[in-house]
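Asks: Below is a structure I'd like to ask you about.
The values are calculated or read from the model by the stated rules, or taken from the named source; none is laboratory data. Quantities reported herein were computed from a predicted structural model and do not represent experimental measurements. Cβ placement follows ideal geometry from the backbone for every residue including glycine, while neighbour counts extend to all protein chains displayed. Areas reflect the complete protein model, heavy atoms only, side chains present, ligands, DNA and RNA absent. Shrake-Rupley method; radii C 1.70, N 1.55, O 1.52, S 1.80 Å.
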Amino acid sequence: MSTAQINPSILSADFARLADEAAAVRGADWLHVDVMDNHFVPNLTLGLPVVESLLKATETPIDCHLMIEEPDRWAPQYAEAGAGSVTFHAEAAAAPVRLARELRAQGARASMALKPATPIEPYEDLLPELDMLLVMTVEPGFGGQSFLDIMLPKIRRTRELIAKHGLELWLQVDGGVSASTIERCAEAGADVFVAGSAVYGADDPAAAVRALREQAQGVVDASSWGCAH
Ligand code: DX5
Ligand code: ZN
C-alpha cells in the first residue's frame, strides 16, 4: 500500500524567517527546497549555505529540488550536507546514472525531474537507479502557477513503468498542486505531492498539509495502482 506524502515548498514561504516557516509545517513528510541558479530557470533562489543552515534548524527531512545547470558538479554537495533527497533535472545532467549512484553513495535518496516537455520513455532503463521520479506539472521557475492537466498522461505512463519493473520508486508531482488538483494527480499515480502556495497561502499551513494528505491518501487507497503495492 502506498503512502501519500506532502512536501511543502518553501519557495512560497518568507525567506527572512525560514526556520519559523519550516516549523509552521511541522508534521509534513519532507520540506521541499527549490534551488534555482538563474540559468536552468529564469529565477534565482538559494544555494548550499542556506540549505546547510536549514538542515540545522529543522528536524523535517529536506527534499532538494535542484533547478540548476551542471548538477553533476553541484548535486553531490547537497547530499553530503545532509539533504535526505536530492533531485536533479534530466535535461541538465550529463551523466544521470553516475550522478544518481553518487547521491546514493552519499546516503541520499536519488531523484530525477522531468520538465513538462521531457518524456519519460527514454529514461525507462534508468528507473532502477532512482528512488524518486519528479514529473513537473508546471514549467519550473516560479511558484503559484496553474497546474498543467496535460501532464496527467505522463504521470500515468510513469506509474505503469514503475509497476512494470516492480520498483519501489516514489512518484512526485510539483507545480500547481492544491486541494482542487491533488486528487487528479493521485488518481494518475503520484504519491509524493509538492505544494507551495496551497500550503503557505493557507491560514494554517500545518492544517493544510494534513488536509492535502488526507485527500490524496483517500484516492491512493481507492486506486488500482495504490492497492497493487
Ligand atoms: C516551481 C517549483 C515548485 C514551486 C511550487 O518551479 O519547483 O516547487 O514552489 O509552487 P506551487 O505549489 O505554488 O505551484
Ligand atoms: Zn520544486
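To keep it simple, each residue is scored yes or no on (1) away from ligand 1 (no atom under 15 Å from the Cβ); (2) among the acidic types (Asp, Glu); (3) under 25 Å from Ala190 (Cα atoms); (4) in a helix (DSSP H, G or I).
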{"residue": "Leu55", "(1), (2), (3), (4)": "yes, no, no, yes"}
{"residue": "Trp74", "(1), (2), (3), (4)": "yes, no, no, yes"}
{"residue": "Pro116", "(1), (2), (3), (4)": "no, no, yes, no"}
{"residue": "Pro119", "(1), (2), (3), (4)": "yes, no, yes, no"}
{"residue": "Glu139", "(1), (2), (3), (4)": "no, yes, yes, no"}
{"residue": "Gln145", "(1), (2), (3), (4)": "no, no, yes, no"}
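Asks: Please work out which residue is farthest from ligand 2 (Cβ to nearest atom), limiting yourself to the range 168-178 and to residues that are open to solvent by less than 60 Å² (accessible area, probe 1.4 Å) and over 10 Å from Val194 (Cα atoms). Even if it seems obvious, please write down each step before you answer.
Replies: First pass over the range 168-178, keeping only residues open to solvent by less than 60 Å² (accessible area, probe 1.4 Å): 169, 171-178.
With the extra rule that they be over 10 Å from Val194 (Cα atoms), the set shrinks to 169, 171.
On the way: Leu169: 18, Leu171: 15 Å.
The extreme case among them is Leu169.
Asks: Same structure, new question: Please tell me if Arg101 is of a type in the set (Lys, Arg), open to solvent by 10 Å² or more (accessible area, probe 1.4 Å), under 20 Å from Ile162 (Cβ atoms) and more than 16 Å from ligand 2 (Cβ to nearest atom).
Replies: Working: of a type in the set (Lys, Arg): yes; open to solvent by 10 Å² or more (accessible area, probe 1.4 Å): yes; under 20 Å from Ile162 (Cβ atoms): yes; more than 16 Å from ligand 2 (Cβ to nearest atom): yes.
Taking the combined requirement at face value, the residue satisfies it.
Asks: Next question, about the same structure. Looking at (1) of a type in the set (Gly, Ala, Ser); (2) within 15 Å of ligand 2 (Cβ to nearest atom); (3) in contact with a Gly (Cβ under 7 Å, 6 or more places away or on another chain), find the lone condition where Ala13 falls short.
Replies: (3)
Asks: Only one of these conditions is not met by Tyr200: (1) open to solvent by 10 Å² or more (accessible area, probe 1.4 Å); (2) away from ligand 2 (no atom under 14 Å from the Cβ). Which number is it?
Replies: In the conditions (1) open to solvent by 10 Å² or more (accessible area, probe 1.4 Å); (2) away from ligand 2 (no atom under 14 Å from the Cβ), Tyr200 misses (2) alone.
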